[in-house]
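The values are calculated or read from the model by the stated rules, or taken from the named source; none is laboratory data. The structure displayed is predicted, hence computed values, not measured ones. Counting neighbours? That spans all protein chains shown, and the Cβs are built from the backbone with ideal geometry, glycine included. Accessible surface areas use protein heavy atoms only, side chains included; no ligands, DNA or RNA. Shrake-Rupley method; radii C 1.70, N 1.55, O 1.52, S 1.80 Å.
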Amino acid sequence: MQLKVLSVDDSAAIAAHLKCLFNSFENITFTGHAFTINEAKTFMKSDSPDVVILDIALKDENGMDFLAYLKNNHAEVKVIMLSNQAGLFYKNKSKEMGADYFLDKSYEFDKLPDILNELKSG
């Protein structure tokens, strides 16, 4: 199964890191990176990703708003929250809103490959 992944984060460093990470995967395609919610919505229309890796704190925007949009309009898409906003409030709120996974950027980034391989396996 081919898995298409979109990342949404306002950090250029995270975008570059994810792009390098995806080069090492087989059957996982990095469809792109969005820095804003509007860019992410455009990717959703054109590329139909299977998975979205989403940060909560976007410049002048809130990733939780995009999570709500995804669950209302693209319920089949798996969402991995990847954020520095890793307090229990955000973890619980993300799960309540339908996020499939929640990872703290600071110390759980290395779990991302395992999650993607698990999703790829179906």
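Restricting the search to segment 23-36, which residues are touching a Phe, Trp or Tyr at 6+ places or on another chain (Cβ under 9 Å) and either surrounded by fewer than 18 Cβ atoms within 10 Å (Cβ to Cβ) or touching a residue at least 40 places away in the same chain (Cβ under 8 Å) (or both)?
N23, I28, T29
Quick test for you: out of D9, D47, pick the one residue that is open to solvent by 30 Å² or more (accessible area, probe 1.4 Å), of a type in the set (D, E) and either in contact with a strand residue (DSSP E or B) (Cβ under 8 Å, 6 or more places away or on another chain) or under 19 Å from M81 (Cβ atoms) (or both).
Result: D47 is the single residue among D9, D47 that is open to solvent by 30 Å² or more (accessible area, probe 1.4 Å), of a type in the set (D, E) and either in contact with a strand residue (DSSP E or B) (Cβ under 8 Å, 6 or more places away or on another chain) or under 19 Å from M81 (Cβ atoms) (or both).
Listed residues K78, K120; which is within 12 Å of the chain's Cα centre (by Cα), among the basic types (K, R), under 18 Å from D50 (Cα atoms) and surrounded by 13 or more Cβ atoms within 10 Å (Cβ to Cβ)?
Criteria check complete, one pass: K78.
Being touching a Ser or Thr at 6+ places or on another chain (Cβ under 8 Å) and part of a helix (DSSP H, G or I) is the filter here, so list the residues in segment 62-112 that pass it.
G63, M64, L67, Y90 - these are the residues of segment 62-112 that are touching a Ser or Thr at 6+ places or on another chain (Cβ under 8 Å) and part of a helix (DSSP H, G or I).
Surrounded by 12 or more Cβ atoms within 10 Å (Cβ to Cβ) and hydroxyl-bearing (S, T, Y): is that true of Y69 in this structure?
Here the answer is yes, as Y69 does meet what is asked.
Conditions (1) among the aliphatic types (A, V, I, L, M); (2) within 19 Å of T29 (Cα to Cα); (3) open to solvent by less than 50 Å² (accessible area, probe 1.4 Å); (4) modelled with pLDDT of 95 or more, marked per residue:
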| site | (1), (2), (3), (4) |
| --- | --- |
| L58 | yes, no, yes, no |
| G87 | no, no, yes, no |
| Y90 | no, no, no, no |
| E96 | no, no, no, yes |
| F109 | no, yes, yes, no |
| L116 | yes, yes, yes, no |
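Of all the residues that make up segment 23-50, how many are small (G, A, S) and in a helix (DSSP H, G or I)?
As a first pass, look at segment 23-50 and keep what is small (G, A, S): 24, 32, 34, 40, 46, 48.
Among the residues that remain, those that are also in a helix (DSSP H, G or I) are: 40, 46.
Summing the residues that are small (G, A, S) and in a helix (DSSP H, G or I) in segment 23-50 gives 2.
Against the condition part of a strand (DSSP E or B) and either at pLDDT 90 or above or under 26 Å from Q2 (Cβ atoms) (or both), how does I53 come out, does it pass?
Criteria met by I53.
So which residues in segment 37-59 are farther than 23 Å from S106 by Cα and either of a type outside the set (A, V, I, L, M) or in contact (Cβ under 8 Å) with a residue 40 or more places away in the chain (or both), if there are any at all?
Within segment 37-59, N38, E39, K41, T42, F43, K45, S46, D47, S48, P49, D50 meet the criteria.
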